[in-house]
Amino acid sequence: MPKVKGGYLAEKRNFILECTGEILREKPLYLITMRDVIKKAGFSQGVIYRYYANLDEIYVDYINKYTTDSVLEKRIDTLVSSDQSEKTILAECIIAIGDYIAELLKSGVGKTFFELLVLYSCDCEKRAAIISRIKFRQSLEYAQLKTVEYAISCVEKGIIRPKIPVRTLLLFVNVFIDGISLSVVFNTAEGDDYDSGPAADIPEMFQTLAKAIISFTEE
């Protein structure tokens, strides 16, 4: 049996991912089945399963294919090592996270990622196995962790003095980000596109969050 070249396999996988992208623009993720992908690609069931064992694998590859590597990480690293004021750095880190989410939503992968989070919200095992492999998630976790570490360091040094408990402040930020995620999923599922509605307002919302965080600290 002749060997199948790597380029051929990559070409077929890319075609499957392109078909998946078309389907994701036609219907919400939770309604998509493997049969939809098979029909769109025009392959037999046996052929599809040579490349992907299930929909989860397709979603991971789809999101990662259109995710820009390390952009957010580099921006956060540059900010925390800059010579700007500590409050400015903290605010800019929060704004950077919003900009990153908004940019990825334009390609559709951000929406797909958030839909996966909702889909697996009650399945901790699958969420840990699937979501952890997504570069988008890794970048967000890195940025949030780095920002939190920087904020706590500034508080411990007495450079930033919050008016409310740090734990409450961090909880506020996490709830805010989770709320935006759900808003994007629900509104795009109802027909809003990425250039209007809540998705388009994400940079402005994160700028407001940054201002709110700074307002919770003493002058």
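For the chain, give the magnitude of the charge dipole about the Cα centre (Cβ charges: +1 Lys/Arg, -1 Asp/Glu; no others), in debye to the nearest 20. Don't skip to the end; give the middle numbers.
Details: 27 positive and 31 negative charges, 178 e Å.
Here the size comes out at about 860 debye.
Rounded if a/c is under 1.5, else prolate if a/b beats b/c, else oblate: with a ≥ b ≥ c from the C-alpha gyration tensor eigenvalues square-rooted, which is the chain? Kindly include the intermediate steps, with their values, before the conclusion.
Values: a/c = 2.64, a/b = 2.10, b/c = 1.26.
Because a/c hits 1.5 or more and a/b exceeds b/c, the chain counts as prolate.
Given H placed on each backbone N at 1.01 Å, which residues far from ILE160 in sequence or on other chains put an amide H within less than 5 Å of it?
Under 5 Å from the amide H of ILE160: VAL155.
Name the residues whose placed amide hydrogens come within less than 5 Å of the amide hydrogen of THR217, ignoring near sequence neighbours (fewer than 5 apart) on the same chain.
LYS163
Could you compute the longest span of the chain free of trypsin sites (Lys or Arg not before Pro) located in DSSP loops and having at most 10 other Cβ atoms within 10 Å, not counting the site residues? Numbers along the way, then the final one.
Values: sites that count: LYS3, LYS5, LYS157, LYS163.
It runs 6-156.
Rounded to the nearest 0.05, what FRET efficiency is calculated for GLU204 and THR78 with R0 set to 22 Å and r the Cβ-Cβ distance?
Values: r = 23 Å, r/R0 = 1.03.
Using R0 = 22 Å, I get an efficiency of 0.45.
Dipole of region 1-90 (Lys/Arg Cβ +1, Asp/Glu Cβ -1, origin at the Cα centre): which of GLY42, THR20, TYR62 lies farthest to the positive side?
The residue sitting most towards the positive pole is GLY42.
Between LEU145, LEU79, LEU17, which gets the highest mean-square fluctuation from a Gaussian network model of the chain, Cα cutoff 10 Å?
LEU145
Would you give the gap between the C-alpha center of region 124-155 and the C-alpha center of region 15-70, rounded to a whole Å?
Result: 25 Å between the Cα centres.
Once phi is turned into θ = phi - 60°, what whole-Hz ³J(HN,Hα) does the Karplus curve with 6.51, -1.76 and 1.60 give for every residue of region 96-101, x standing for Gly and Pro?
4, 5, x, 4, 5, 4
Does anyone have the angle between helix 202-215 and the longest principal axis of the chain? Alpha-carbon axes, 0 to 90°, nearest 10?
Result, in degrees: 30.
I need the phi-derived Karplus couplings for region 130-145: 6.51 cos²θ - 1.76 cosθ + 1.60, θ = phi - 60°, integer Hz, Gly and Pro marked x.
Per residue, the Karplus-derived 3J(HN,Hα) values read 8, 4, 5, 8, 8, 4, 4, 5, 4, 5, 5, 5, 4, 5, 5, 5 Hz.
For a Förster distance of 45 Å, can you work out the FRET efficiency between the beta-carbons of ARG167 and GLU18, rounded to the nearest 0.05?
Once rounded, the FRET efficiency stands at 0.50.
Just to confirm a number: summing +1 for Lys and Arg and -1 for Asp and Glu over residues other than ASN64 whose beta-carbon lies under 12 angstrom from that of ASN64, what do you get? Each step should come with its number before you reach the end.
On the way: positive: ARG13, LYS65, ARG133, LYS135, ARG137; negative: GLU57, ASP61, ASP69.
Local net charge: +2.
From the phi angles alone, apply the Karplus equation (6.51, -1.76, 1.60; θ = phi - 60°) to region 32-43 and give each ³J(HN,Hα) in whole Hz, x where the residue is Gly or Pro.
Calculated HN-Hα couplings, in order: 7, 10, 4, 5, 4, 5, 4, 5, 5, 6, x, 9 Hz.
Mind checking the angle between helix 71-80 and the chain's longest principal axis? C-alpha axes, 0 to 90 degrees, to the nearest 10.
That helix lies at roughly 10 degrees to the long axis.
How far is helix 166-189 tilted off the main Cα axis of the chain, in degrees rounded to 10, range 0 to 90?
That helix lies at roughly 30 degrees to the long axis.
Under a GNM of the chain (C-alpha, springs under 10 Å), which listed residue has the highest mean-square fluctuation: GLY46, GLY108, GLY179?
Judging by the Gaussian network model, the answer is GLY46.
We did not get these values from a lab; they are worked out from the coordinates using the rules stated. The structure presented is a predicted model; accordingly, all values stated were derived computationally and were not measured. Every residue, glycine among them, receives a Cβ derived from its backbone with ideal geometry; neighbour counts consider all protein chains shown.
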